[in-house]
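Novice: Before I ask anything, let me first share the structure, which is written out below as structure tokens.
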There are 2 protein chains.
Amino acid sequence: MNGAQAIVRTLVGSGVTTCFANPGTSEMHFVAALDAVPEMRGVLCLFEGVATGAADGYGRMTGHPAGVLLHLGPGLGNGLANLHNARRAHTPLLLITGDHATYHKRFDAPLESDIDALAGSVAGWSRRSMRSADAPADAAEAVAAALTPPGQVASLVLPADVTWTDGAEPAAPARPRLPAPVPGEVIGEAARALRSGEAAVVLLGGAALRRAGLEAASRIAQATGARLIGETFAARQERGAGLPALDRLAYLVEMAQAQLAGARHLILAGASAPVSFFAYPGKPSTPVPDDCEIHVLAEGGSDVPGALEALADLVAPDVKPVAQEATRPELPDGELSAHAVATVIGALLPEGAIVCDEANTSSIFLPGATAGAPPHDWLSLTGGAIGQGLPLATGAAVACPDRPVLALEADGSAMYTVQALWTQAREQLDVTTVIFSNRSYAILAMELQRTGAPVTGTTARSLLDLSRPDLDFVSLAAGMGVPASRAATAGEFAVQLDRALAEPGPHLIEAVLPPLA
Amino acid sequence: MNGAQAIVRTLVGSGVTTCFANPGTSEMHFVAALDAVPEMRGVLCLFEGVATGAADGYGRMTGHPAGVLLHLGPGLGNGLANLHNARRAHTPLLLITGDHATYHKRFDAPLESDIDALAGSVAGWSRRSMRSADAPADAAEAVAAALTPPGQVASLVLPADVTWTDGAEPAAPARPRLPAPVPGEVIGEAARALRSGEAAVVLLGGAALRRAGLEAASRIAQATGARLIGETFAARQERGAGLPALDRLAYLVEMAQAQLAGARHLILAGASAPVSFFAYPGKPSTPVPDDCEIHVLAEGGSDVPGALEALADLVAPDVKPVAQEATRPELPDGELSAHAVATVIGALLPEGAIVCDEANTSSIFLPGATAGAPPHDWLSLTGGAIGQGLPLATGAAVACPDRPVLALEADGSAMYTVQALWTQAREQLDVTTVIFSNRSYAILAMELQRTGAPVTGTTARSLLDLSRPDLDFVSLAAGMGVPASRAATAGEFAVQLDRALAEPGPHLIEAVLPPLA
């Protein structure tokens, strides 16, 4: 069989059964191989950033990589922003970029560019297959590399002739590495810090944000008085009624400073040491107090929940975790606002929902409003590259067809990858998208102020303003086959959200918010 | 003044007066500086690929760079595909990417990534400013670098603290290099080839495709019998009534082989030696006959029109160029087809139009139908990275507000950067977009066949098919504030195109074509 068929069979044998694709000529043999290997599901995306963001959502929800099939350097370029987010989320993801045939590279054809430089900027593991006979083993190794704890982007570049040349055979799956156990002395050091009598914070991230890690952390907090804080932008957090509640570290460095004030020990469990998202004149780059000692309990590549459980068994042997009570806000009346939208979502969020949160400034009321909702997963913008939410929701819905997906999306961010709606329509994915339509890059209006940049006219403001003309998301959704409605009051929004969640398939609601002051 | 203000004043002093922007927090001082320097026009784009493609269109039409302001590595990633096209077009373009403050880089904040690797993949000149006091001179050098013949992408990375730190002063404009004159012996060698009595082809590209170069080439052809061929995808070609007509080298290598068959001399004037766009099993990488000698008359960095004129003065001293006669097709009746659309365009194309052609397979009838239309410019997809047409048209319209712009766009390609329509609406640009809506990646359906990939089921075809659901471009345009209509017959299309061209501001027409067989 040809290289492409052997690669696709190898991938299926390695558990990679979904491929988000935006292919071109150099990938045509790979595309044709999908006919030969029906176990692989091909999902067409109309823009590469949709494909990469969808693979991120898929990987976060399954723990296993989806493939992404892209066309040469420009296709990879279009996919980079969401690959950056996947890199920061430690998502297992298999990036497959087609290239010119090996012998054609030297002709510098118009689409020739430095694919390897681009892939290297996002991938933790990279390879370029050079022979059809070797490519299946390369693919198997790429899957194993993607699964290297805590998960990473693995990049495989496939020249066209490698895919079309005959004589290849499927390769056996490669064995992925397991998470490394955390040594007892590291756990002992954390236990000593917790027993020191000095104020301690446990910062939870990555795998610590699933039930096992959260419950162990809750026991630790109960027994020692340590505070628990979750990383600011979690790849995936299990939360809601029955799970331990968790505050998040604030996005703004001065608020994060306030959260960490007085802490003499910061224990990292699956999280990195916190830093300011951006630098600002006169503000610090990290919110960690100068006299606070940082203890790395478990890095992402380690067995983070296992380390937390071992620590809990040491410092809190007989203590039970504290679970969040089931509680929902009342449905609100009156004008629509970010607060009202959050309240409606808290009142209606279905059990098992997957929430993809790219509401940015509008998301401020969401954690509180949904804290006691039925158990659900919360997926955040891990790398700060906006344009993630709609693709992420698309991939999560492909991964979990039996769970409702809710994409909470800022209007500005939605426009980067709005093409995701078409894939949701084609695949009839059960995604409800809520657009927080405040008609501005509200986060930039805030950031402009925080940077202290002198605003003396109207040009700067006009570059942060999404009006003139207003975007009409109902029309945009209709243009891609997604039923949509617009809500101007809290009551309208509640009715529309209730209906959208009840009906299968994709829906979009444009929640029109008051303009910024 | 701060670094940002000094940089913007330097840019304006160097003739850079337009900046296509999709900024973020690290660019806020640059954005604020636009208030202080009103001579710089800021144009907001809702996606970075729109900004870079618009700067490409602006640079092609003015010969001078526009600035593009992007946010960190992911913003640059989103802009790469159209920067790739600009690189292949040799467009003067000033890429400004904001970065974290110099002292913040080491904290590996969530948006940290390898900006320099991405910029290096598209830029002919790159610099990272490290001090506020140096940044204005860096900016002046960047503009001169962008203008280095034949034009290139110049990349300037601006850390946030470089823009916000005070004590900077505007720098004087840097002097760009001039095109190098072509030595007499090179012209003499080309003259000998043309006088050899053996079949010769002159391949024209880059600056040869403007009036002076075309007229000199026409004289050469008249006097020597050499055939003239234009490069396949020209950055900008002047054509129409009163200008010498020119066939283009075919996209498909076997058709290009037929065009070059029998040629013993291939004289390159501003064009590269032709290569196949892609490799295919059993097909050659170049259409140039084995026994054909290649003569480089003038590379892009040289004075290409000057070389052609010198050659013409040598081999055709008393010969006049042959101008295309004014002629237009009749308006067609009946069903809409790619041929009918092309015919209507040929019948109605206004004088001075700027045509941005990303119609791909649907563009096949356009050159013939428009050959005798009033003089116009034709801008092509130079780098093969689709998603160029709508942004390119946007930038061309900003550059040339008194000329009508016609974007001829394939449906699949339109969806990569459809956000350009919003900028056209906000800036009230006189762009008429025609969507060739055949509801498929028709070029890939063709390429699938050409690669010989075995299609045995329906999955492969579904990845090349844009139906289920059909895209509704009228709704999409309305969603971004662009008036739009749909044409199902040749008559409807003619009426709608006539009206769109007559009214100022942006319009979109979805031309519904028969589905592929």
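Novice: Within straight cross-link reach of B:LYS283, meaning Cα distance under 14 Å, which aspartates and glutamates are found once same-chain residues fewer than 8 apart are removed?
Specialist: Filter leaves A:ASP161, B:GLU254, B:GLU447.
Novice: Same structure, new question: Going by a ≥ b ≥ c, the root eigenvalues of the Cα gyration tensor, does the stretch B:88-162 fall in the rounded group (a/c under 1.5), the prolate group (a/b larger than b/c) or the oblate group?
Specialist: Values: a/c = 3.60, a/b = 1.60, b/c = 2.25.
Oblate, since a/c reaches 1.5 and b/c is not below a/b.
Novice: Separate question: Would you please give the residues with an amide H less than 5 Å from that of B:ASP99, counting only those at least 5 places away or on a separate chain, with H modeled from the backbone geometry?
Specialist: Distant-sequence amide H within range of B:ASP99: B:LEU158, B:ALA160.
Novice: Where Lys and Arg each count +1 and Asp and Glu each count -1, what net charge lies around B:SER132 among other residues with Cβ under 9 Å from its Cβ?
Specialist: On the way: positive: B:ARG131; negative: B:ASP134, B:ASP161, B:ASP166.
Here the count lands on -2.
Novice: Considering amide H positions built from the backbone, and no H for Pro or chain starts, which residues 5 or more places from B:VAL43, or on another chain, come under 5 Å of its amide H?
Specialist: B:CYS19, B:PHE20, B:ALA21
Novice: Please name the residues of the stretch A:114-139 whose accessible area, counted over protein heavy atoms with a 1.4 angstrom probe, falls by no less than 10 Å² between the chain alone and the full protein assembly.
Specialist: With the partner chains in place, the stretch A:114-139 has these residues losing at least 10 Å²: A:ASP114, A:ALA117, A:LEU118, A:SER121.
Novice: A:VAL482 accessible area, nearest 10 Å², 1.4 Å probe?
Specialist: 0 Å²
Novice: Turning to a different aspect of this structure: For B:VAL202, which sequence-distant residues (separation of 5 or more, or a different chain) have an amide H within less than 5 Å of its own amide H, given hydrogens modelled in the peptide plane?
Specialist: The list, which skips near neighbours in sequence, is B:ARG227, B:LEU228, B:ILE229, B:ILE267.
Novice: So what is the 222 nm mean residue ellipticity for chain B from helices alone, if each DSSP H run of at least 4 adds -39500 (n - 2.57) and you divide by all residues, rounding to the nearest 500 deg cm²/dmol? Present the calculation step by step, with values, prior to reporting the outcome.
Specialist: Values: 20 runs with 192 residues, N = 517.
Helix contribution divided over all residues of chain B: -10500 deg cm²/dmol.
Novice: Could you do me a favour and compute the accessible area per residue for the stretch A:368-475, 1.4 Å probe, result in Å²? Don't skip to the end; give the middle numbers.
Specialist: Working: 2520 Å² over 108 residues.
It amounts to 23 Å² per residue over the stretch A:368-475.
Novice: Something else now. Quick check: at a probe of 1.4 Å, how many percent of the accessible area of chain B sits on carbon and sulfur atoms? Write out the running numbers ahead of the final one.
Specialist: Values: 8630 of 16620 Å².
Reported share for carbon and sulfur atoms: 52 percent.
Novice: How big is chain B by the Kirkwood estimate over distinct Cα pairs, in Å?
Specialist: Details: mean 1/r = 0.0418 Å⁻¹.
The answer is 23.9 Å.
Novice: While we're looking at this one, here's another question. If you roll a 1.4 Å probe over the heavy atoms of the protein chains, what accessible area per residue do you get for the stretch B:60-204, in Å²? Don't jump to the answer; show the numbers that get you there.
Specialist: Details: 5020 Å² over 145 residues.
That works out to 35 Å² for each residue.
Novice: Separate question: Given just the C-alpha atoms of the stretch B:306-436, how large is their convex hull per residue in cubic angstrom?
Specialist: On the way: hull volume 18.0 nm³, N = 131.
Normalising the Cα hull of the stretch B:306-436 by residue number yields 138 Å³.
Novice: Continuing with the same structure: Translational diffusion coefficient of the stretch B:1-74 at 4 °C, 1.567 mPa s, Stokes-Einstein with Kirkwood Rh over Cα pairs, in µm²/s as a whole number. Please list the in-between numbers first.
Specialist: Values: Rh = 12.4 Å.
In µm²/s, the coefficient is 105.
Novice: Also, quick follow-up: Can you give the Rg to Rh ratio for the stretch B:134-286, taking only C-alpha atoms and Rh from Kirkwood? Walk me through the numbers on the way to the answer.
Specialist: Numbers: Rg = 21.1 Å, Rh = 18.6 Å.
When Rh is taken as the Kirkwood radius, the ratio is 1.13.
Novice: Using a label position 7 Å from Cα in the Cα→Cβ direction, what is the ascending list of nm distances from B:VAL322 to the same site in the other copies?
Specialist: Counterpart label points of B:VAL322 in the remaining copies fall at 9.1 nm.
Novice: Could you pull out the trypsin sites (Lys or Arg not before Pro) across the stretch A:176-280 that fall in loop regions by DSSP (anything but H, G, I, E, B) with no more than 12 other Cβ atoms inside 10 Å?
Specialist: For trypsin sites (Lys or Arg not before Pro) across the stretch A:176-280 that sit outside H, G, I, E and B with at most 12 neighbouring Cβ atoms in 10 Å, the list reads A:ARG177.
Novice: If we hang a label 7 Å off Cα along the beta carbon direction at A:ASP333, how far is it from the matching labels on the other copies, in nm, shortest first?
Specialist: Between copies, matching label points for A:ASP333 lie 6.5 nm apart.
Novice: Also, I was wondering about something else. In whole Hz, with x marking every Gly and Pro, tabulate ³J(HN,Hα) for the stretch B:272-277 from phi via Karplus 6.51 cos²θ - 1.76 cosθ + 1.60, θ = phi - 60°.
Specialist: 8, 4, x, 9, 5, 4
Novice: Given a 1.4 Å probe, show me the residues in the stretch A:44-76 buried by at least 50 Å² of accessible surface when comparing the whole protein assembly to the chain alone.
Specialist: With the partner chains in place, the stretch A:44-76 has these residues losing at least 50 Å²: A:LEU44, A:LEU46, A:PRO74.
Novice: In Å³ and rounded to a whole number, note down the convex hull volume per residue for the Cα atoms of the stretch B:454-510. Mind dumping the intermediate values first?
Specialist: Numbers: hull volume 6.6 nm³, N = 57.
It is 116 Å³ per residue.
Novice: Quote the total accessible area buried by chains A and B together, excluding ligands, DNA and RNA, probe 1.4 Å, nearest 100 Å². Walk me through the intermediate numbers first.
Specialist: Working: alone 20560 and 20560 Å², together 33240 Å².
Result for this pair: about 7900 Å² buried.
Novice: What's the longest bit of chain A with no exposed GluC sites (Glu not before Pro), using DSSP loop states and at most 15 other Cβ atoms within 10 Å as the test?
Specialist: Values: sites that count: A:GLU39, A:GLU198, A:GLU325, A:GLU330, A:GLU351.
Counting only loop sites that pass the neighbour cut-off, the longest clear stretch is A:352-517.
Novice: Please give the residues from the stretch B:248-291 for which the solvent-accessible area of heavy atoms, probe 1.4 Å, is smaller by at least 20 Å² with all protein chains in place than with the chain isolated.
Specialist: Residues losing area: B:VAL275, B:PHE277, B:PHE278, B:ALA279, B:PRO281, B:SER285.
Novice: Tell me the Kirkwood radius of the protein assembly as shown: reciprocal of the mean inverse pair distance over distinct alpha-carbon atoms, in Å. It would help to have the intermediate numbers written out before the result.
Specialist: Details: mean 1/r = 0.0338 Å⁻¹.
Kirkwood hydrodynamic radius for the protein assembly as shown: 29.6 Å.
Novice: If you count the DSSP beta bridges with both ends in the protein assembly as shown, what percent of them are antiparallel, to the nearest 5?
Specialist: Antiparallel bridges make up about 10 percent of those DSSP assigns within the protein assembly as shown.
Novice: What whole number of Å gives the distance from the Cα centroid of the stretch B:192-241 to the Cα centroid of the stretch A:132-190?
Specialist: Cα centroid to Cα centroid, the span is 53 Å.
Novice: Once the label point is placed 7 Å from Cα along Cβ, list for A:GLY368 the distances to the corresponding points in the other copies, in nm, shortest first.
Specialist: Result, one decimal in nm: 6.9.
Novice: Shifting gears a bit: Keeping all protein chains in place and using 1.4 angstrom, which order do A:VAL12, B:VAL68 fall into by accessible surface area, from largest down?
Specialist: Accessible-area ranking of A:VAL12, B:VAL68, largest first: A:VAL12, B:VAL68.
The values are calculated or read from the model by the stated rules, or taken from the named source; none is laboratory data. Model, not experiment: these values are computed from the prediction. Note: ideal-geometry Cβ built from the backbone for every residue, glycine included; neighbour counts use all protein chains shown. To get the accessible areas, we keep the full protein, side chains included, count just its heavy atoms, and leave off ligands, DNA and RNA. Shrake-Rupley method; radii C 1.70, N 1.55, O 1.52, S 1.80 Å.
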